[in-house]
Amino acid sequence: MKSKFAPLVKLKKEQLEEAKRALMRLNAYINEVESELVSLKNELNSLEVPSGGTALLFSQYSMMTQSFHQQIRNKKEELYRCIRDLNVVQDRVNRAYIEYEKYHYLQKEEERALLLRLKKKEALELDEIAVMGYNLQQAGDL
């Protein structure tokens with residue numbers, strides 16, 4: 001049965017699905033950033049401090065560790081931004097779900113009310129047919 005809420009329910013369902021897809025994409029991106037962060041930390045830990053050599057070698061080591069630390073800081077900041085965005089997107093999913101459920105409920109209630117009206121109308125028509133049959137039977141008995 002078509003109801004006046006059917007297009008709204010369809011629209012809200014599409015919005016809910018889009019919000020869920022955005023949430024999944026963001027979760028995948030967060031996982032990617034986390035793996036990059038772990039990789040950077042592993043690379044930093046794999047660097048060996050030079051045990052001898054020139055000052056240039058120590059300077060290169062220092063620059064490399066500073067570079068890794070900066071990259072790690074940048075990835076952490078990106079991860080924190082993504083987590084903030086994740087909260088926003090999760091809230092959007094929750095709101096979209098509530099909106100969808102609200103209109104879905106209204107659609108079901110409208111369909112239920114329509115069915116009740118149809119059943120009542122059918123019962124009245126059956127009663128009318130029964131009365132007409134009774135009247136015909138009474139007229140035939142005379």
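The values are calculated or read from the model by the stated rules, or taken from the named source; none is laboratory data. Bear in mind the structure is a predicted one, so any value in this text is a computation, not a measurement. Cβ coordinates were reconstructed from backbone atoms using ideal geometry, including for glycine residues, and neighbour counts include every protein chain displayed. Areas reflect the complete protein model, heavy atoms only, side chains present, ligands, DNA and RNA absent. Shrake-Rupley method; radii C 1.70, N 1.55, O 1.52, S 1.80 Å.
When Glu43, Glu32 are checked against the criterion of being open to solvent by 60 Å² or more (accessible area, probe 1.4 Å), part of a helix (DSSP H, G or I) and at pLDDT 95 or above, a single residue qualifies: Glu32. For Ser3, state whether it is touching a residue at least 60 places away in the same chain (Cβ under 8 Å) and either outside any helix (DSSP H, G or I) or exposed (fewer than 13 other Cβ atoms within 10 Å of the Cβ) (or both). Yes; evaluated as a whole, the condition is true for this residue. Pro50 fails exactly one of the following numbered conditions: (1) without any contact (Cβ under 8 Å) to a residue 40 or more places away in the chain; (2) loosely packed, with under 11 Cβ neighbours inside 10 Å. What is the number of that condition? Only one criterion is unmet by Pro50, namely (2).
Any idea how many residues of segment 8-29 are open to solvent by less than 70 Å² (accessible area, probe 1.4 Å) and either out of contact with any Leu (no Cβ under 9 Å at 6 or more places or on another chain) or of a type in the set (A, V, I, L, M) (or both)? So the count comes out to 10.
More than 30 Å from Gln15 (Cα to Cα), of a type outside the set (Gly, Ala, Ser) and surrounded by 12 or more Cβ atoms within 10 Å (Cβ to Cβ) - does that describe any residue in segment 99-108? Looking for residues that are more than 30 Å from Gln15 (Cα to Cα), of a type outside the set (Gly, Ala, Ser) and surrounded by 12 or more Cβ atoms within 10 Å (Cβ to Cβ), one finds none in segment 99-108, hence no.
Table: residues versus (1) surrounded by 10 or more Cβ atoms within 10 Å (Cβ to Cβ); (2) closer than 30 Å to Arg25 by Cβ.
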residue	(1), (2)
Leu56	no, no
Gln90	yes, yes
Asn94	yes, yes
Lys119	yes, no
Asp127	yes, no
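Residue-wise test of (1) more than 30 Å from Glu111 (Cα to Cα); (2) within 31 Å of the chain's Cα centre (by Cα).
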site	(1), (2)
Leu8	no, yes
Tyr29	yes, yes
Leu37	yes, yes
Ser59	yes, no
Arg73	yes, yes
Glu77	yes, yes
